[in-house]
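The structure appears below as structure tokens.
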Amino acid sequence: MFIEKPFFQKINQISDWILRLVIINTLVIITILPVITLFLGLSTGYNTLRDLWKKQEKGLFRTYFNHLKHRTFYKILLGILIGMIISIGYLNMTYYVDLIEDAPNLFYQAGYYITLFFVVMMLAVSLYLLPIAYFKPDLGMKASIKLSFYIAGKYILRTMFMLLTPAVLLLLLLTSFTSMIFVLFGVSGWLMVMAIITDRVVDDVKEMKFND
């Protein structure tokens, strides 16, 4: 009986984490339903999961809604701005694709790859804005984006790995079984992975003095 006790404790801990992931997944999905609140929801989920990971939460729901209420309008505007920039970059890429199909030349190809690089960098910036919104919650919009660029370049290998994680998330939609996993804790599971990946980044740069 005493030998089995640690085993059951571990099972309880795992079950507790699964339940938390399911709850946070549901809260995040509800938050991002209006679409324009995409960054707000992801940021709130990330902040909550990092607090749980660091054992700094004060109740799951209380922690989530405290993060949700902090600078809500600012996070919505930041998400809209990043979304518009990435969308414009993507449209520019499709424009170059049409030009290359009609009249392929080095100028159009160069424009395509430059735009592709820009879009990838903005995706990296958007991912790093999640930890920045956590450890620099009162930083201005311009300063947050500049700091994200800096971190993306400094931690380039980590950045490349981070950019692959959304693709893994989408792979869950390929089968009915993995789709159920996605529905239950796909988004929160991904945000948990993001919190773990960026853990060292947060610890390294949270003391930085950075102003607009």
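Loosely packed, with under 15 Cβ neighbours inside 10 Å, over 26 Å from GLN56 (Cβ atoms) and modelled with pLDDT under 85: is that true of ALA110 in this structure? Here the answer is no, as ALA110 does not meet what is asked. The set of residues from the range 59-86 being free of Cβ contacts under 8 Å to residues at least 60 places away in the same chain and either open to solvent by 60 Å² or more (accessible area, probe 1.4 Å) or at positive phi (or both) comprises GLY59, PHE61, ARG62, PHE65, ASN66, LYS69, PHE73, ILE80, MET84. Counting residues in the range 33-56 that are in contact (Cβ under 8 Å) with a residue 24 or more places away in the chain, of a type in the set (Phe, Trp, Tyr) and open to solvent by 60 Å² or more (accessible area, probe 1.4 Å) gives one or more.
Out of curiosity, is THR178 at pLDDT below 90, over 21 Å from ALA195 (Cβ atoms) and touching a helix residue (DSSP H, G or I) at 6+ places or on another chain (Cβ under 7 Å)?
Details: at pLDDT below 90: yes; over 21 Å from ALA195 (Cβ atoms): yes; touching a helix residue (DSSP H, G or I) at 6+ places or on another chain (Cβ under 7 Å): yes.
Criteria met by THR178.
Would you confirm whether or not the range 89-104 contains a residue that is closer than 20 Å to TRP190 by Cα and open to solvent by less than 70 Å² (accessible area, probe 1.4 Å)? The answer is no; no qualifying residue exists.
The values are calculated or read from the model by the stated rules, or taken from the named source; none is laboratory data. Predicted model, so just to flag it, every value in this text is computed and none were measured. Cβ sites come from the backbone with ideal geometry, for glycine too, and all protein chains shown count toward neighbours. Each accessible area value is taken on the protein alone, full model and side chains, heavy atoms only, with ligands, DNA and RNA left out. Shrake-Rupley method; radii C 1.70, N 1.55, O 1.52, S 1.80 Å.
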